[in-house]
Amino acid sequence: MKRVSLTINGRTVIARQGDSLLQAARACDIHIPNLCHLNGLTPLAGCRVCIVEVQGRPRPVPACSSKAEHGMVVITDSERVRSARRMIVELLFAERNHQCPVCVMNNNCELQSLAKQLGIDHVRYTFISPLAAVDISQERFGIDHNRCILCRRCVRVCDEIEGAHTWDVSGRGVASRVISDLAEPWGASSTCTGCGKCVQACPTGALFEKGITTTRKGLTCLERLLKWRRRRGP
Amino acid sequence: MNDKRCMPDVAHFFMRFCQDESCGKCVPCRTGTQQAACLLARITSGAAEPGDLDQLEELCHLMRDCSLCGLGMAAPNPVLSTLHWFRDEYEAHIRTGHCPSGVCSCDEDAA
């Protein structure tokens, strides 16, 4: 495997060619916050929380979808990207109803812990809080669109790992909603296998397990699952 | 476009357009255009506060720097250029709650 050498925060780092900046940083324990990326899934670069500055480029680039190149000089926590990350997370909090004290995933939520990590104690923007639907027609799980941040982890995990492609996104802009099949109730979906991977992949309390407040979020063995699936063929 | 148009109102029109056209994939464009349109609506209705202009400018820079595609990067341009050339019109809306061109609804509310 060919290797490339780059500088991240003043440290010289060796990465495999084809690795993303996020992978290269993780390999040497440099933390880059992110929301929409999950190891093993195709990078989406939608949340823009993992943006980093690369010398010679006018704008910050997302670390999850940018390839590590030889001789790159990367800064992951400049004042500019820190304030941008902060504003992005504040925008997410203002977009829909993210009231942590009454959420099933309180203290177990990636959005909440990211806000804590970035030191967000208030939101400067107008709370939009649209009244979005809650679908609890599925036997074991439920989806609360009020908590959804549209990271599309559920869409990707269902398509790429489970191979069911039950989830997709309807509408556009602020009217985007995650839908099952052709906007049918989740319980009526004929493609859903009920595996629960989407629930584990969801960073917030949008997808939850009924009657349980300690759903294990975050799939640790996603990459292994993907390798296993590829070995078996389509 | 002539001297009878209100620049914050023009910027509001373009921001509403970009909000409708945003695909919703990236956060700065999806929610940034929505919040910027909110702020511009407040300015044009005469309900804005002095800090709102700085917040609007900051939000526009975020959209320009961090959006995924050209729509989000170009969305703040009407606001940034009108802020650059016609800042006094924005300030008049905020300071006096009055539209110098007589276009915005803030004057109707007062009457």
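The values are calculated or read from the model by the stated rules, or taken from the named source; none is laboratory data. These numbers come from a predicted model, not from an experiment. Positions of Cβ are backbone-derived with ideal geometry, glycine not excepted, and every protein chain shown enters the neighbour counts. Surface areas here come from the heavy atoms of the whole protein model, side chains and all, with no ligands, DNA or RNA. Shrake-Rupley method; radii C 1.70, N 1.55, O 1.52, S 1.80 Å.
Residues of the protein assembly as shown: accessible area per residue at 1.4 Å, in Å²? Present the calculation step by step, with values, prior to reporting the outcome.
Working: 16330 Å² over 345 residues.
Spelled out: the 1.4 Å probe surface of the protein assembly as shown, per residue, equals 47 Å².
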Fill in: Enclosed volume per residue, in Å³, of the convex hull spanned by Cα atoms of the protein assembly as shown
160
Item to complete: Please give the contour-minus-distance gain from A:Val102 to A:Asp77: 0.36 nm per residue of separation, less the Cα-Cα distance, rounded to one decimal in nm.
Response: 5.8 nm
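Per-residue Cβ counts within 10 Å, from other chains only, averaged over A:150-157: what number is that? Please list the in-between numbers first.
On the way: counts 6, 1, 1, 0, 0, 0, 0, 0.
Per residue, the number of nearby Cβ atoms from other chains is 1 on average.
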Worksheet item: Taking each residue of B:17-29 in turn, how many C-beta atoms of other protein chains fall within 10 Å of its C-beta, and what is the average?
Response: 6
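Highest first, please rank the peptides A:134-140, A:63-69 by the mean number of other Cβ atoms sitting within 10 Å of their residues. Write down the numbers at each step before the final one.
On the way: A:134-140: 13.9, A:63-69: 21.4.
Listed from highest to lowest mean packing, they are A:63-69, A:134-140.
Over every pair of different alpha-carbon atoms in the range A:47-97, take the mean of 1/r and invert it; report that Kirkwood radius in Å. Please list the in-between numbers first.
On the way: mean 1/r = 0.0846 Å⁻¹.
Every distinct Cα pair counted, the radius reaches 11.8 Å.
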Worksheet item: In terms of modelled amide H atoms, which long-range or inter-chain residues lie less than 5 Å from the amide H of A:Ile8?
Response: A:Val13, A:Val74
Worksheet, complete the sentence: Links exceeding 31 Å between C-alpha atoms in this model, out of A:Lys67/A:Lys210; A:Lys67/A:Lys116; A:Lys2/A:Lys197; A:Lys2/B:Lys25, come to A:Lys67/A:Lys210; A:Lys2/A:Lys197; A:Lys2/B:Lys25
Worksheet item: When the helices in the protein assembly as shown are scored as -39500 (n - 2.57) per DSSP H run of 4 or longer and the sum is shared across all residues, what 222 nm value do you end up with, to the nearest 500 deg cm²/dmol?
Response: -11000 deg cm²/dmol
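What does the net charge come to around B:Ala37 if you take all other residues with beta carbon closer than 14 Å to its beta carbon, with K and R at +1 and D and E at -1? Working shown, then result.
On the way: positive: B:Arg16, B:Arg30, B:Arg42; negative: A:Glu95, B:Asp9, B:Asp20, B:Glu21, B:Asp52.
Its environment carries a net charge of -2.
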Practice prompt. Starting at the first residue of the range A:148-157, write each ³J(HN,Hα) from the Karplus equation 6.51 cos²θ - 1.76 cosθ + 1.60 with θ = phi - 60°, in whole Hz, x for Gly and Pro.
Written response: 6, 10, 6, 7, 6, 5, 4, 4, 6, 5
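Ignoring ligands, DNA and RNA, please state the percent of accessible area on the protein assembly as shown from carbon and sulfur, probe 1.4 Å.
Working: 8490 of 16330 Å².
The nonpolar share, carbon plus sulfur, comes to 52 percent.
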